[in-house]
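The values are calculated or read from the model by the stated rules, or taken from the named source; none is laboratory data. Please read these numbers as outputs of a predicted model, since none were measured by experiment. Reconstructed Cβ throughout: ideal geometry from the backbone, glycine too, with neighbour counts over all protein chains shown. All accessible areas refer to the heavy atoms of the entire protein, side chains included, with ligands and DNA or RNA removed. Shrake-Rupley method; radii C 1.70, N 1.55, O 1.52, S 1.80 Å.
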Amino acid sequence: MRTRLIKTDGLVQQVLDAGFEDQNAPLVLLIHGFPELGVSWRAQVEALSQAGYHVAAPDMRGYGGTEKPAGVEAYSILHLVGEMVDLVRALGKASCVVVGHDWGAPVAWHCALLRPDVFTAVAGLSVPFQPRRLKGPPTAAMAAISKRAGLGDLYISRFQAPDAHVAMDADPATTLRKLFYAYDGATPADRRSTGFMPQGVDLLDTIDDAATLPPWMSADHFGEYVQAFSVGGFDAPLNWYRAMDLNWSLTAFVQDQKITPPALFVVGEDDPVRHYAGGHEAGLKDWAPGLTRSVVVPGAGHWIQQERSAEVNTLLLEFLAVL
């Protein structure tokens, strides 16, 4: 493996890759989510490269060693997809298979939706494709659903606030420890986050102060996250959430369009995201008719490629083998 800086169209990205020695090796692009980094995919970079693929995992826009443009408008889905298109070119390829986890999954789905010529197959982990709604911007829809259910605010709604990052930046180690704990499959169900919180209660305050690191997270690996977010902060990553309504306004041109490349979906049985995205998971085949498998991993939580790296590696290799 190597870590290097790559200049793409308008952005310098830090990229972890392996399998680059063989110029004919097919490219697999791995897109992380929140609050993660390219190193979240280390197990997949190793396994897939050993199987003969060139595998690249960038720190995404606003994260880690990649540049962090200012302003919500710099974090639209068109920016995120566009720089993945140019990263494929910068890596010397014309096409690739794209895999995304958490927020990286919507980016991966949109890569396949918008540029199926470049992204010839797609795998989404944890988050299913969520088609554009005709009823209006997503944050209003989420607020209405939360109000009807009487569950309090969904964390995504809270992340819209311009100062939502301030509490996280105050103690990055505690923030990260709590977030990894609250969404992990090994965490007792009654201490796992639902994603909702009462009025006036901060997300971090809903998570046990005694939260421990997940069993798969070593102290050294955790230190990589703490270092990156201590330097870069949480403001730019939260801009991905703050740009959701902007994304809705920019994507009317793909209203009702379906994802045509072959697709794979993998989710942990106990992933809290299923509380509010379960309907999209059930209807995924309608929007991705090329879906080959939808796999629920028993007992797994949200950080699935790290929690269950061996199982995810096997699923990805099986998917890649039949393309």
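Does A18 meet the test of being open to solvent by less than 60 Å² (accessible area, probe 1.4 Å), in contact with an Asp or Glu (Cβ under 8 Å, 6 or more places away or on another chain) and of a type in the set (G, A, S)? Explain how you work it out, then say what you get.
On the way: open to solvent by less than 60 Å² (accessible area, probe 1.4 Å): yes; in contact with an Asp or Glu (Cβ under 8 Å, 6 or more places away or on another chain): yes; of a type in the set (G, A, S): yes.
So A18 passes the test.
Return the only residue of V231, V254 being open to solvent by 20 Å² or more (accessible area, probe 1.4 Å) and either modelled with pLDDT of 95 or more or within 20 Å of A70 (Cα to Cα) (or both). Give the steps one after another, and end with the answer.
Numbers: V254 fails: open to solvent by 20 Å² or more (accessible area, probe 1.4 Å).
Answer to the check: V231.
Evaluate the following for A25: is it free of Cβ contacts under 8 Å to residues at least 60 places away in the same chain and more than 30 Å from L204 (Cα to Cα)?
Details: free of Cβ contacts under 8 Å to residues at least 60 places away in the same chain: yes; more than 30 Å from L204 (Cα to Cα): yes.
Yes; evaluated as a whole, the condition is true for this residue.
When both residues are 6+ apart or on different chains and their Cβ atoms are under 6 Å apart, which pairs have a first residue that lies in the range 156-172 and is within 19 Å of A141 (Cβ to Cβ), and a second that is open to solvent by less than 20 Å² (accessible area, probe 1.4 Å) and not hydrophobic (A, V, I, L, M, F, W, C)?
Once the first residue is within 19 Å of A141 (Cβ to Cβ) and sits in the range 156-172, its partners that are open to solvent by less than 20 Å² (accessible area, probe 1.4 Å) and not hydrophobic (A, V, I, L, M, F, W, C) give I156/Y241; F159/Y241.
Restricting attention to the range 126-135, does a residue exist that is crowded, with 20+ Cβ neighbours inside 10 Å, of a type in the set (G, A, S) and either in contact (Cβ under 8 Å) with a residue 40 or more places away in the chain or more than 25 Å from V266 (Cα to Cα) (or both)?
For the range 126-135, residues crowded, with 20+ Cβ neighbours inside 10 Å, of a type in the set (G, A, S) and either in contact (Cβ under 8 Å) with a residue 40 or more places away in the chain or more than 25 Å from V266 (Cα to Cα) (or both): present.
Determine if the range 77-97 includes at least one residue that is buried (at least 21 other Cβ atoms within 10 Å of the Cβ) and either of a type in the set (F, W, Y) or farther than 27 Å from W303 by Cβ (or both).
No, that holds for no residue.
Could you list all residues from the range 283-306 that are within 19 Å of the chain's Cα centre (by Cα), more than 21 Å from T120 (Cα to Cα) and open to solvent by 20 Å² or more (accessible area, probe 1.4 Å)?
If the condition is that a residue be within 19 Å of the chain's Cα centre (by Cα), more than 21 Å from T120 (Cα to Cα) and open to solvent by 20 Å² or more (accessible area, probe 1.4 Å), then V296, Q306 are the ones that fit.
Name every residue in the range 230-289 that is of a type in the set (K, R) and either closer than 28 Å to L323 by Cα or free of Cβ contacts under 8 Å to residues at least 60 places away in the same chain (or both), in order of residue number. Quick ask: steps written out before the conclusion?
So the first thing to find is which residues in the range 230-289 are of a type in the set (K, R), and the list is 242, 258, 274, 285.
Across the range 230-289, the qualifying residues are K258, R274, K285.
Among the listed residues G233, G278, identify the single one that is in contact with an Asp or Glu (Cβ under 7 Å, 6 or more places away or on another chain) and farther than 23 Å from A43 by Cβ. Let's see the steps before the verdict.
Working: G278 fails: in contact with an Asp or Glu (Cβ under 7 Å, 6 or more places away or on another chain).
So the residue among G233, G278 that is in contact with an Asp or Glu (Cβ under 7 Å, 6 or more places away or on another chain) and farther than 23 Å from A43 by Cβ is G233.
Out of (1) more than 17 Å from the chain's Cα centre (by Cα); (2) surrounded by fewer than 16 Cβ atoms within 10 Å (Cβ to Cβ), the odd one out for I207 is which?
Just one mismatch for I207, condition (2).
Pairs under 6 Å by beta carbon, first residue within 15 Å of V12 (Cα to Cα) in the range 79-95, partner buried (at least 17 other Cβ atoms within 10 Å of the Cβ) and among the β-branched types (V, I, T), six or more apart or different chains?
L80/V107; E83/T8; V85/V118; D86/T8; L87/T8; V88/V118; A90/I6; A90/T8
Only one residue in G185, G223, G200 is in a helix (DSSP H, G or I) and open to solvent by 10 Å² or more (accessible area, probe 1.4 Å). Which one? Reasoning before the result, please.
Values: G185 fails: in a helix (DSSP H, G or I); G200 fails: in a helix (DSSP H, G or I).
Among G185, G223, G200, only G223 is in a helix (DSSP H, G or I) and open to solvent by 10 Å² or more (accessible area, probe 1.4 Å).
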